[in-house]
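A quick write-up on the structure given underneath.
Bear in mind these aren't lab numbers, they're just calculated from the coordinates by the rules spelled out. Everything quoted here is computed from the prediction, not taken from an experiment. Note that we place each Cβ from the backbone using ideal geometry, even for glycine, and neighbour counts take in every protein chain shown.
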Amino acid sequence: MPQHGAFLPAWCLSGNLSLMPTTDEVFEAVADGTAESALGFWKLPGGFERLLAQWSTTGPVAYVEADYFGGVGEQRAAVWADGALAAGPLDTPSKKWFSREVSPISQALRQLGVRRSLGEDELGIGAG
């Protein structure tokens, strides 16, 4: 659980969505001292998945990670809904090209109700 009085920054996005970056401060606030998650994420704080599950009782919640350099990288995502893990962990093999339509982050965003526009993926990135 977040430390008492911890500030968790979030930005409101369109479509009733919010974004909360996992800064060092957020990491410290939500980590509960348990071992890292068994879900295989690089930076998911130990115990944070329990808080994500709790938050998902009021609506779906996604945790996503991306690591890119020079156009090559990896993504991982998971979605919680109704208090339980609903999708994932979704991932991509290291250094393998995948279409934006099936990227883990796009799949997670679809689970949250995000719909892509013509010529773009769910993040609003053009396909060209």
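What distance in nm separates the two pseudo spin-label positions at Asp67 and Leu19, each 7 Å out from Cα along the beta-carbon direction?
A separation of 2.1 nm, rounded to one decimal place.
About the Cα centre, and with charges only on the beta carbon of Lys, Arg (+1) and Asp, Glu (-1), how big is the dipole of region 32-79? Nearest 20 debye, please.
Numbers: 3 positive and 6 negative charges, 22 e Å.
In total the dipole reaches around 100 debye.
Quick one: length gained pulling Thr34 to Asp82 fully straight, 0.36 nm per residue minus the C-alpha distance? Mind showing how you got there, number by number?
Values: separation 48, 0.36 × 48 = 17.28 nm, distance 2.34 nm.
Taking Thr34 through Asp82 to full extension adds about 14.9 nm, to one decimal.
Could you give me the ³J(HN,Hα) list for region 44-58, computed from phi with Karplus coefficients 6.51, -1.76, 1.60 and θ = phi - 60°, whole Hz, x at Gly and Pro?
Calculated HN-Hα couplings, in order: 5, x, x, x, 5, 4, 5, 5, 4, 4, 4, 4, 6, 5, 9 Hz.
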